[in-house]
Amino acid sequence: MSQWINNSVFYHIYPLGFCGCPEFNDGNTEYRLNKLIDWIPHLKSMGVNALYLGPVFQSLKHGYDTSDYYRIDCRLGDNESFKKICKELHANGIRVILDGVFNHVGRDFWAFKDVQKYGSNSQYCGWFQNLTFNGRSPYDDPFWYEGWSGHYDLVKLNLQNQAVVDHLIGAVSMWMDEFGIDGLRLDAADCIEPNFFRALRRFCKGKRPDFWLMGEIIHGDYNRWANPEMMDSVTNYECYKGIYSSHNDKNYFEIAHSLQRQFANGGIYRDLCLYNFLDNHDVNRIGSTLRNPAHLKNAYTIMFTMPGVPSIYYGSEWAIEGTRTRESDQMLRPCLELNTPLAKTQSLVPHIGRLSALRKNFHALCEGNYENILIRNEQLVFKRFTNDQTIVVALNITDSEYWLDFPISGGSVLTDVLDNGAEYKVENNHANVMIPANGARIMVLNNGDFKYTDFTDRTENDAQSDAVEAAQTNNTEYAEEQTVNSESEQAAEEPASKSEERRVKLGKYRSWDGSMFAVIALAKNTDDGEPSIIYKELFNGGFIYTCSAKGFLDDIEVDGRKLRKFEYVDTDEF
């Protein structure tokens, strides 16, 4: 298993819906997917470093009815435009995973159209599963073929035909070479010949050992598909269901049982890094599924702290709603803009950002062992641990704060790193911890030698999200705070000297040595009233600093040259 997967936070987009594409392909090329570039700062504000894109290749309708594996769907753009998008994502530290739809194709697939035209004389008759000329198809073709799960607009491929395998692997080779993709999500993996996955793995790993293969599996033993011969990972539908129903039924025993069964000592998937999610393009939005919206943050907290890799489905970071009907999945796959009017909340975005930052800074959350500590209907405590680090996660889904006593050994203090650095003593191998109403604690077990740091990357985007949330809830306390901050901001924006008109503003800055920082607050020094700033290192630990506005704006001399100590970086540039 590649190390980058353990340290990843995924974002899942269904491109045709995300871009508002017409339902049917009209053959006109529109570069709709280019808008993804504008979303990169938003993705980074949540700590996303891997993007899973649903079908992007030429199709007639919904993307899973592929007509050409070697061309980007013209409703999204073309190969050259997609190449640039992938390059920009990679430049921003975001890996790209594509949907490999290899079980079936659409009726517009070029080889199937050849069969329609030439009948039994077509050289491609053997490309399709159980194609015979002894009857007629539901579409009144003069032949019969197998459709995926009874859907005859989806023609099942014959993956025992070497020419078909060569065609598909040739496409993957092109995607790797042209777009530099980092992995594949394999659609309908439970329907695909195991030997095809073996051949695909040999090819991909031979070309790039860290290439990732993940399969869509809904039921059954995940080890059948995720193993050293086939795929690296599969979708964790067991815990998808366990997370939402544990909250709806106020029964944390359900998800605790699944996590223990899967990942604890002796767990059946302990050696797998499963793909975890709260919703996706096929199931109802978590914002619609949870009966109590107050449980949303805890649902994300579990997903980010349990073993495996977390994935956010586009728009669900704003708790937008959407349910599937018998006729359509369209409500699950809407067109969204960054300032979407569908948003129900802005508070999830900074919460997800905090969870991502904790995964980044505590390796036990990415690769540690799992063990349940205490389970109640409405409270759950578990730990993730390695030889040198233990993280304790405590959750509460009651409407009031809850003091919980539980056993824990190996340290004398539990320090909360999710919220405010609160410390709880461990005495006689027991801790008594206050868990907020409908909230959680993520705590580092230590011996009093751990120094709390706000590990989150508080950027201007997060501050704006908080402001929107406050406006929506008429939070007068926040409004009063902003009045004070506005006065501080005005003071901090005063020129550092009469000859220097540069001003400090919230946002990202590049230092003279190339390091990146974010100014996260403007203030006044309490001793002399001079304008001051608070700024944060964006990488390498995320340390927080403060200095005078004048000192921040001062020039610095390096090797006899005068350089600006900090230079404002436009968001688009960064």
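Please work out the FRET efficiency for the pair Glu367 and Thr323, using the Cβ-Cβ distance as r and a Förster radius of 60 Å; give the result to the nearest 0.05.
0.95
By the Cα gyration tensor, the chain has an equivalent ellipsoid whose semi-axes, rounded to whole angstrom, run 45, 30, 22 from largest to smallest.
Distances between placed amide hydrogens fall under 5 Å for Cys273 paired with no residue 5 or more residues away or on another chain. With R₀ fixed at 45 Å, the C-beta to C-beta distance from Asp555 to Phe385 puts the FRET efficiency at about 0.40.
If I take every Cα pair under 8 Å that is 6 or more residues apart in segment 50-182, average their sequence separation and divide by the length, what percent do I get for the relative contact order?
24 percent
Subtracting the Cα-Cα distance of Cys547 and Glu178 from their residue separation scaled by 0.36 nm leaves 128.2 nm. In angstrom, the C-alpha Rg and Dmax of segment 331-375 are 16.2, 42.
Note on Lys87 and Asn6: the extension gain reaches 26.9 nm, defined as 0.36 nm multiplied by sequence separation minus the Cα-Cα distance. With R₀ set to 45 Å, the beta-carbon distance separating Asn227 from Asp38 gives a calculated FRET efficiency near 0.70. Between Asn377 and Met434, the modelled label-to-label distance comes to 2.5 nm, taking each label 7 Å out from Cα in the direction of the beta carbon. In this simple spin-label approximation, Asn292 and Asp26 carry label points 7 Å from Cα along the Cα→Cβ vector, and these lie 4.8 nm apart.
With 28 Å as the limit, write out which pairs from Lys87/Lys207; Lys35/Lys344; Lys241/Lys383; Lys250/Lys383; Lys35/Lys205 have Cα-Cα distances beyond it, or answer none.
Numbers: Lys87/Lys207 19 Å; Lys35/Lys344 22 Å; Lys241/Lys383 21 Å; Lys250/Lys383 21 Å; Lys35/Lys205 32 Å.
Flagged as over cut-off: Lys35/Lys205.
With the Kirkwood sum run over all distinct C-alpha pairs, segment 232-351 has a hydrodynamic radius of 15.0 Å.
Placing unit charges on the Cβ atoms only, positive for Lys and Arg and negative for Asp and Glu, gives segment 272-431 a dipole magnitude near 280 debye about its Cα centre.
Using a probe of 1.4 angstrom, how much of the accessible area of the chain is carbon and sulfur, in percent? Answer for the chain: carbon and sulfur cover 45 percent of the accessible area. A Cβ-based charge dipole, computed about the Cα centre of segment 63-183 with Lys and Arg at +1 and Asp and Glu at -1, lands at about 40 debye.
Residues of segment 357-377 with an amide N closer than 19 Å to a point placed 7 Å from the Cα of Asn265 along the Cα-to-Cβ direction: 364-365, 367-375. Placing a label point 7 Å from the Cα of Lys250 along the Cα-to-Cβ direction, the residues of segment 278-317 whose backbone N falls under 18 Å of that point are 290-299.
Hey, got the dipole for segment 231-359? About the Cα centre, +1 on K and R Cβ, -1 on D and E Cβ, debye to the nearest 20?
320 debye
If the chain linking Glu567 and Gln160 were pulled fully straight, counting 0.36 nm for each residue of separation and taking away their Cα-Cα distance, it would gain 140.6 nm. The convex hull of the Cα atoms of segment 78-143, projected and averaged over all directions, covers 6.3 nm².
Accessible surface area normalised per residue over the chain is 44 Å², counting heavy atoms of protein chains with a 1.4 Å rolling probe. The angle separating the long axis of helix 252-263 from the principal Cα axis of greatest extent in the chain is about 70 degrees.
Helix 296-305 against the longest principal axis of the chain: what's the angle in degrees, Cα atoms only, rounded to the nearest 10? It works out to around 80 degrees. What the Kirkwood sum gives for segment 326-419 is a hydrodynamic radius of 16.6 Å, with every pair of different alpha carbons counted. Over the chain, Cα pairs under 8 Å with separation of 6+ residues give a relative contact order of 10 percent.
The values are calculated or read from the model by the stated rules, or taken from the named source; none is laboratory data. Since we're looking at a predicted model, the values are computed, not measured. Note that we place each Cβ from the backbone using ideal geometry, even for glycine, and neighbour counts take in every protein chain shown. Just so you know, the surface numbers come from the protein's heavy atoms only, side chains and all, with ligands and any DNA or RNA stripped out. Shrake-Rupley method; radii C 1.70, N 1.55, O 1.52, S 1.80 Å.
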